[in-house]
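The structure appears right after this line, and notes come after that.
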Amino acid sequence: MKKQIIVVCGPTAVGKTKYAIEIARELGGEIISADSMQLYKFMDIGSAKPTPEEQERCYHHLVDCIDPREPFSVAEFQKLAKEAINTVFDKGLVPVVSGGTGLYVNSLIYDMDFSSAPGNDEYRKSLYEIAEREGPEVLHGMLAEKDPEAAARIHFNNIKKVVRALEVAESGSTVKSFENSFVKTSDYEYVLIGLSRDREELYERINLRVDILLEMGLEDEVKGLLEMGLNEDDISMKGIGYKELIGYFHGNYDFDEAVRLIKQNTRHLAKRQMTWFRRYPDINWFNISEYENDDKAIEVIINWLKNNR
């Protein structure tokens, strides 16, 4: 059979973990997580990491494997994930990629070469200092001079992307637009499964999940990470749930406001994720809200996969 991966993607709280597990179990596969938070150690609750029981039901790669105190990039993810995919292929099994981090999914289904334009630590540091000292608008203005097209696509408040685009521009290259990056990988074929729910239902699930994560001890988890020496400057601590509670610990607002911000920011994330995945021209969408329950939706998706792989 041809080498093919299955990608299960969609917004946060839609149910990707459950669906990916059932698909992998039915089709004989293992899961490769494409979630930018679940790969970190010690960050079990806020990342909604698959439970030990879920990981027992189906083996997960790239979960709980990176120290949150260490920097981690999409280039490193691509390398580790493709190694995991090949490991699953070597076992004669089906790699099932599951996650909501769009850039991570991109790195597995499209040709994204991270070998060019290596980062210059000193240059990058100076750019962040400019943003902090003079404001993100000044940094964005620098990008507008070097790569106007990239500047038009990237919001000035997205400092990380502006810095990356400036690094690329400094190397004499330009940042490719999303639309011009749809060159499929030749490493394997893929099937894209998009999961969605009606907005009201998804937002209810998001609010409920935030309440559950807090009941599970998210506040103590964040305190423990801070005691380990992590702080708001670490990339890992910029995840939703972590950054808002840090603000609460710093006295910027009360606990109720922290909870409101977590729910609001998670809803905004879900909206951005849907916008990202809707741009995939070959994604196959399944609106879970249209089925009587998860079991029925899973049955339909698995039957569809068996007929369309």
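Assorted remarks:
- Cut-off under 5 Å, modelled amide H: who pairs with GLU189 long-range: LYS3, GLN4, ILE5
- Amide proton proximity set for TYR40, modelled H, under 5 Å, gap of 5+: ASP64, CYS65, ILE66
- Violating pairs (Cα-Cα greater than 29 angstrom) within the set LYS161/LYS263; LYS16/LYS146; LYS41/LYS296; LYS18/LYS263; LYS82/LYS306; LYS16/LYS160: LYS16/LYS146; LYS41/LYS296
- Shape category assigned to the range 146-292 from the gyration tensor of Cα positions, a/c cut at 1.5: oblate
- Zone residues, the range 183-227, relative to PHE255, backbone N less than 12 Å from point 7 Å out along Cα-to-Cβ: 214-215, 217-220
- Between SER289 and ILE212, the contour length at 0.36 nm per residue exceeds the alpha carbon distance by 25.6 nm.
- Solvent-accessible area, 1.4 Å probe, carbon plus sulfur percent, for the range 1-115: 49
- Solvent-accessible area assigned to carbon and sulfur over the range 241-309 amounts to 43 percent, based on a 1.4 Å probe.
- Cα gyration tensor category, rounded, prolate or oblate, for the chain with a/c compared to 1.5: oblate
- Among the DSSP helices (H) of the chain, those spanning at least 20 angstrom by Cα along their long axis with an average Kyte-Doolittle hydropathy of -0.5 or more are 74-90, 199-216, 294-308; this is a geometric and hydropathy rule only.
- Gyration tensor verdict on the range 1-148 (Cα atoms; rounded if a/c is under 1.5, prolate if a/b is larger than b/c, oblate otherwise): prolate
- Estimated from helical segments only, the mean residue ellipticity of the chain at 222 nm is -16500 deg cm²/dmol, where each DSSP H run of four or more residues counts as -39500 (n - 2.57).
- Relative contact order, percent, the chain [alpha-carbon distance under 8 Å, six or more residues apart]: 26
- The ARG309 and GLU83 beta-carbon pair, evaluated with R₀ = 22 Å, returns a calculated FRET efficiency of approximately 0.45.
- Per residue value of the accessible surface for the range 28-172 (all protein chains in place, 1.4 Å probe), Å²: 50
The values are calculated or read from the model by the stated rules, or taken from the named source; none is laboratory data. Here the structure is a predicted model, which means the values were calculated and not measured. Note that we place each Cβ from the backbone using ideal geometry, even for glycine, and neighbour counts take in every protein chain shown. Protein only, heavy atoms only, side chains kept; ligands, DNA and RNA dropped before computing areas. Shrake-Rupley method; radii C 1.70, N 1.55, O 1.52, S 1.80 Å.
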